[in-house]
Amino acid sequence: QVQLVESGGGVVQAGDSLRLSCSASERTFNTYHVGWYRQAPGKERTFIAAINYSGTSTYYTQSLKGRFTVSRDSAKNAVYLQMTSLGPEDTADYFCAADRHNVAGPYDYWGQGTRVTVSS
C-alpha cells in the first residue's frame, strides 16, 4: 500500500506563497495519479487539482486555476502544490490522494492533511 505524507503547511500572510508537498517512500508512488483537496472549517472537502502519474497532464478547479500549480518530481517520489496570492479564503486543511487507475478519483489512498492558515 501507499502511505502519503503532506507537509509544508503553516501560517502565512495574505498575498504570500506556499508550497505543499505530498510524498511517499515507495517508488511505486510514481505510477499513481495524485489529487489535491482542501477542507475549510465546517465545510466539505473540495477538489483543487490533480496530476497524472507521469506529470504530463494536470487538472484544476476553475476557481483556483492560475493561482495554484500542481507538479511532481519522480526522483523525489513527491507531488507539489504551489500556491500563490493566498487569502483568508484559502485557510483549510489540505490533503493529497493517490489512485493507480483514475486521475480524478475515487482515490484509494489519502494523506493525513496539512493545515494552512492565511491571515489578513
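The table for this structure:
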quantity	calculated
Square roots of 5 times each gyration tensor eigenvalue, C-alpha, segment 31-90, largest first, Å	22, 12, 11
Accessible-area composition of the chain, carbon plus sulfur, in percent [1.4 Å probe]	45
q = 0.14, 0.21, 0.29 Å⁻¹, segment 1-60: log10 I(q)/I(0) [Debye, one scatterer per Cα]	-0.51, -1.04, -1.29
Charge tally in the Cβ shell below 14 Å around residue 73, where Lys, Arg are +1 and Asp, Glu are -1, residue 73 excluded	+4
Gained length - residue 54 relative to residue 39, 0.36 nm times residue gap less alpha-carbon distance	2.7 nm
For residue 87, net neighbour charge (Lys/Arg +1, Asp/Glu -1) across residues whose Cβ lies under 14 Å away	-1
Accessible area per residue, Å², the chain with all protein chains present, probe 1.4 Å	53
Charge context of residue 1, other residues only, Cβ under 10 angstrom, K/R +1, D/E -1	-2
Spin-label zone in segment 23-45 - amide nitrogen under 17 Å from a point set 7 Å from the Cα of residue 61 along the C-beta vector	34-45
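The values are calculated or read from the model by the stated rules, or taken from the named source; none is laboratory data. Note that the coordinates shown come from a computational prediction; the quantities given were computed from them, not determined experimentally. FYI the Cβ positions are ideal-geometry reconstructions off the backbone, even for glycines, and counts take in every protein chain you see. Surface accessibility is based on the protein's heavy atoms, side chains included, excluding ligands, DNA and RNA. Shrake-Rupley method; radii C 1.70, N 1.55, O 1.52, S 1.80 Å.
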